[in-house]
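Colleague: Can you keep this structure in mind? I'll have questions shortly.
The values are calculated or read from the model by the stated rules, or taken from the named source; none is laboratory data. This structure is a prediction, so every number in the text was calculated from the model and none was measured. Note: ideal-geometry Cβ built from the backbone for every residue, glycine included; neighbour counts use all protein chains shown.
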């Protein structure tokens, strides 16, 4: 039995337990902090340059070598990670063959990563949103907070619509300290506003990691025969023969995803895609790869 | 419903157009309903719009199939005025069949051209059109009244024949207007087609009641569309007769009579010296001929003829030398007895001896003839004792003269009165022997009898004042014109006279002459069809010395001529006049043979309160001799002739420009050269669209199949 198989994971009702199962099984390492500052752990010396704070001058070295060096320290793992989980109606879509809905899949990812962060003593926060910010948990690094986070996600109900741009802008204004923003959504929204939101976070210095969750049926569009498609977020209905539109659908989807990637590339952010029937370890390894890439930058 | 469709009720099938829509809706309900978060990828996409258009196109095509099927079954008709083309339509065809239409136009006649055009017109009339046909020959006549049987109308028009009559449009048009107005139905369009050669005398002559054809036509224009169909013609050089009659209306054998005629020439004369050649025929035998140069105007011509045997003669006159021969003939039917008999009843005469009075009278009526010469009188007299009248057939006599009788028998009255009432003439000489009381009782009968006035008494001429003379009334009767000359009839020739009772109002006789004392001398009265004349004096000496005058025979014979009248008048008619005659014996149907040998059955009818039956015939549309096939004695004159009216002789015609000025606008003038069907086809042509609709339907089915296949292939 593959514990990362969504069909397996889906059998675990409690989100907290899912996260712990996944993370423990995944055997992750400790993150290195990319942020340098005042800390007890010395990192290295470097030449003083004009503008450096004179408090950080190493007078002992100056006494020995008559040169100015400043001390550099390595900051501990006090990362603030904020999860933005899309709880709009479209996220609650689940096709017949899919093991879980997009929201459930995203929630599992969020809980798993939150547990991972907790294990590293990093603070994690949560924001549920649709067209507005619905519920926000500020970042904390306690287990109780983790548990509170998972319970909050479990109680989430579908919101009306998705407005990513609006949400990113509001979150960007709320964050006082640079951190990590993990956005989990199906990204079925206007990408122009979304790009503007990403631009704001880029300006603020936040790192943004995007998880695009997708139902298998959304990718394959296997419908046949006269069908009435019902929009889930006020798009309206459509009567058509899906076969007539499949080519167009797939092209539109590709164009949308390309635009999404384009917006991410523009601001130097990364995006991981996941189908709700895909094993969750891939998601976790993908996340860690992205984190490594971020640290190397 | 003014039907655009032949079977409009089949349009109910248009409901079938909803079937594809219902099917579409049913299929739509059976579609899966699926939530799709990524529906944004499908919305507002060109393929979807295109497919939607394709589906709509297919749906429209499928809806059109029952629509066109229903429309084809309902048989739509398309006309130039939309629905108006199939509106109720009443077409009135007026055929001018006056004799001028018989003129030659090209290789045909104007009437034949008109007939052909009318037939072609009916051929292009749409089904359901009501057609009426009116002809104008010797009179306007409605031949067909509102029939939808176009075939029958066409057959009727095709069988029409030209009439020799010459009625005017002013007689026909006033009859059309009330008829068309009364018969007009709601939403009905009326059209009047007048086929004519537009001869001026037909079109411009006013009607008998003063009707103006121009005004009448304008009135009709307000009621209907008017088409003046000109069948052409020209104004040929034409000779025609205006009359033919004997100078003396009473013809007898053994005496030469002159027949006078007037021939007129109208139209542009041909080059050279046109000559009129007149031929006089009696019973078909050419008797004489006259030829003379004649270009224009009138010419009086006379022919003399002496009848050898008694009988009825058909006098015929023809003229040659013109370009229009239909009217080159004229007839006169003459009754020629041996002589006109006059019966004189005299108490003083018997088979061997005549009284002086009767002798004088007889000699005046029928003077002695000289061998080798013509008769000096057309009358012969027969003197008879009054009681013998029972054996006589009075109808053989043109007049019966009663010399003053003391008594009048009932047999005489019973014999004499019916004779007068049926057209005979009676002359009374009231002498001193006349018993006033007897006459008043049996012959006057308070104005109901034969006598024109009630008798008072016989009086002597006033003593000392001399004998009485005669003077004519202010209105001189032709027969007594001689009395106006005192030199011819000197005063003092009458010794006694019969005075009359003052008028009691029961009768008002015509007084032709007075005595010089102012009392009535000669009176006349019309009784039924006959005449009665009363002389208030004796016919001879000793009471009257008028017979001594040389002009006395003339006076008497003129009087007898007046009484005899014109016996041939009733058998010499013109087109349109009515032939009427008493039937003597039988009430059975009589057969009339017309000049073209067609036969008409005539039924004798009672025309008045008398016992006599009368036969009447007014459809005298042909020129020539008409003959009633009847036993001898049934009819007095079983034959009669009909001549043309002289008004048709001038063939001057209206041209398009003349008609436009006179009739005003708003009428369509169809020129002789133009085909009537081409003129009105656009107006009438109704296109049956059922075939087209079926074609479109088939095309729709094929198109739908092809498109459905093409769209379906794309989806696979």
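Colleague: Would you pick out the residues in region B:25-66 that are in contact with a helix residue (DSSP H, G or I) (Cβ under 6 Å, 6 or more places away or on another chain) and assigned to a loop (DSSP other than H, G, I, E, B)?
Modeller: B:42, B:45
Colleague: Oh, and also: For region A:148-182, enumerate the residues that are out of contact with any strand residue (DSSP E or B) (no Cβ under 9 Å at 6 or more places or on another chain) and over 14 Å from residue A:128 (Cα atoms).
Modeller: If the condition is that a residue be out of contact with any strand residue (DSSP E or B) (no Cβ under 9 Å at 6 or more places or on another chain) and over 14 Å from residue A:128 (Cα atoms), then A:165, A:169, A:173, A:176 are the ones that fit.
Colleague: Here's a follow-up. Considering only residues that are modelled with pLDDT of 85 or more and buried (at least 20 other Cβ atoms within 10 Å of the Cβ), look in region B:497-510 and name the one that is nearest to residue B:444 (Cα to Cα).
Modeller: Taking the candidates together, the pick is B:500.
Colleague: So, one more: Of all helices (runs of 4 or more DSSP H) completely enclosed by region B:97-202, which ones contain at least 2 residues that are farther than 21 Å from residue B:215 by Cα and modelled with pLDDT of 85 or more? Step through it out loud before you land on a result.
Modeller: Working: elements: B:110-123, B:150-159, B:169-183.
Fully inside region B:97-202 and qualifying: B:110-123, B:150-159.
Conditions (1) exposed (fewer than 14 other Cβ atoms within 10 Å of the Cβ); (2) at pLDDT below 85; (3) touching a strand residue (DSSP E or B) at 6+ places or on another chain (Cβ under 9 Å), marked per residue:
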{"residue": "B:13", "(1), (2), (3)": "no, yes, no"}
{"residue": "B:43", "(1), (2), (3)": "no, yes, yes"}
{"residue": "B:67", "(1), (2), (3)": "no, no, no"}
{"residue": "B:72", "(1), (2), (3)": "no, no, no"}
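Colleague: Every residue in region A:183-213 that is in contact with a strand residue (DSSP E or B) (Cβ under 7 Å, 6 or more places away or on another chain) and farther than 19 Å from residue A:257 by Cβ, please.
Modeller: Those that are in contact with a strand residue (DSSP E or B) (Cβ under 7 Å, 6 or more places away or on another chain) and farther than 19 Å from residue A:257 by Cβ: A:201, A:206, A:207.
Colleague: Sticking with this one: Looking at residue A:232, is it outside any helix (DSSP H, G or I), on the phi < 0 side of the Ramachandran plot, surrounded by 21 or more Cβ atoms within 10 Å (Cβ to Cβ) and in the same structural domain as residue A:84 (by TED's automatic domain parsing)?
Modeller: Values: outside any helix (DSSP H, G or I): yes; on the phi < 0 side of the Ramachandran plot: yes; surrounded by 21 or more Cβ atoms within 10 Å (Cβ to Cβ): yes; in the same structural domain as residue A:84 (by TED's automatic domain parsing): yes.
Yes.
Colleague: Pairs under 6 Å by beta carbon, first residue more than 27 Å from residue A:189 (Cα to Cα) in region A:130-152, partner surrounded by fewer than 16 Cβ atoms within 10 Å (Cβ to Cβ), six or more apart or different chains?
Modeller: Within 6 Å, the pairs are A:141/A:121.
Colleague: Continuing with this model, one more query. Looking at B:41, B:151, which one is within 14 Å of chain A (Cβ to nearest Cβ) and without any contact (Cβ under 8 Å) to a residue 60 or more places away in the chain?
Modeller: None of the other options fit; the residue is B:41.
Colleague: Right, next: Give the residue that is farthest from the other protein chains (Cβ to nearest Cβ), with candidates limited to residues of region A:245-261 that are free of Cβ contacts under 8 Å to residues at least 12 places away in the same chain and out of contact with any strand residue (DSSP E or B) (no Cβ under 9 Å at 6 or more places or on another chain).
Modeller: Per the criteria, the residue is A:258.
Colleague: Failed condition for residue A:171, given (1) within 14 Å of another protein chain (Cβ to nearest Cβ); (2) closer than 29 Å to residue A:112 by Cα; (3) modelled with pLDDT under 90; (4) in a helix (DSSP H, G or I), with all others met?
Modeller: Looking at each condition in turn, residue A:171 falls short on (1).
Colleague: So in region A:235-244, with the set limited to residues that are facing another protein chain (nearest Cβ under 7 Å) and part of a helix (DSSP H, G or I), which one is farthest from residue B:711 (Cα to Cα)?
Modeller: Once the filter is applied, the top-ranked residue is A:243.
Colleague: What's the total number of residues in region B:532-548 that are part of a loop (DSSP other than H, G, I, E, B) and surrounded by fewer than 17 Cβ atoms within 10 Å (Cβ to Cβ)?
Modeller: 2
Colleague: When you look at residue A:225, is it surrounded by fewer than 19 Cβ atoms within 10 Å (Cβ to Cβ), in contact (Cβ under 8 Å) with a residue 12 or more places away in the chain and more than 8 Å from chain B (Cβ to nearest Cβ), yes or no?
Modeller: no
Colleague: Could I ask something else about it? Do you know which of the residues in region A:133-162 that are in a loop (DSSP other than H, G, I, E, B) and within 14 Å of chain B (Cβ to nearest Cβ) is nearest to residue A:208 (Cα to Cα)?
Modeller: A:162
Colleague: Can you report the number of residues in region A:179-193 which are more than 14 Å from chain B (Cβ to nearest Cβ) and touching a residue at least 40 places away in the same chain (Cβ under 8 Å)?
Modeller: Residues in region A:179-193 being more than 14 Å from chain B (Cβ to nearest Cβ) and touching a residue at least 40 places away in the same chain (Cβ under 8 Å): 6 in total.
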